[in-house]
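Step one of this worksheet: look at the structure below.
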Amino acid sequence: MLSYVPNGNQSNSATGIQLVQLEPAGGTPTTISTPNAVNSCASNQATGETICTANNTDIYRIRGTTITSTLTSASDVPFP
């Protein structure tokens with residue numbers, strides 16, 4: 001079992017995501033570089049895809065340790 005853990009949050013501008021192996025325990029986290037601070041990630045076990053959102057309008061689609069595409073949110077509501 002793996003977990004995608006953002007380095008940033010809504011108040012922290014640290015970029016990147018840590019891919020952490022939870023089960024079996026052990027292993028060294030792998031860093032996935034991102035151009036902007038990521039604040040949340042969600043994975044779909046059925047498709048193997050993870051979606052992470054940044055503090056700006058970036059949305060990263062990830063498989064394994066690779067960002068397969070970057071989308072841009074159409075929202076016009078700025079983050080406070």
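FYI, it's all coordinate maths here, none of it is from the lab. If you're wondering where the values come from, they're calculated on a predicted model, not measured in any experiment. Here the Cβ is made from the backbone with ideal geometry for all residues, glycine too, and neighbour counts use every protein chain on show.
Tabulated data for the structure shown
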item: Rounded if a/c under 1.5, otherwise prolate or oblate - the chain, Cα gyration tensor axes; result: prolate
item: Summed side-chain charge close to residue 50 - residues other than residue 50 whose Cβ falls under 10 Å, Lys, Arg +1, Asp, Glu -1; result: +1
item: Residue exposure sequence - 5, 38 - by fewest surrounding Cβ within 10 Å; result: 5, 38
item: For the chain, built as a Gaussian network whose Cα springs stay under 10 Å, the top-fluctuating residue of 15, 66, 34; result: 66
item: Within a Gaussian network of the chain (alpha carbon springs, distance under 10 Å), most fluctuating of 50, 65, 28; result: 28
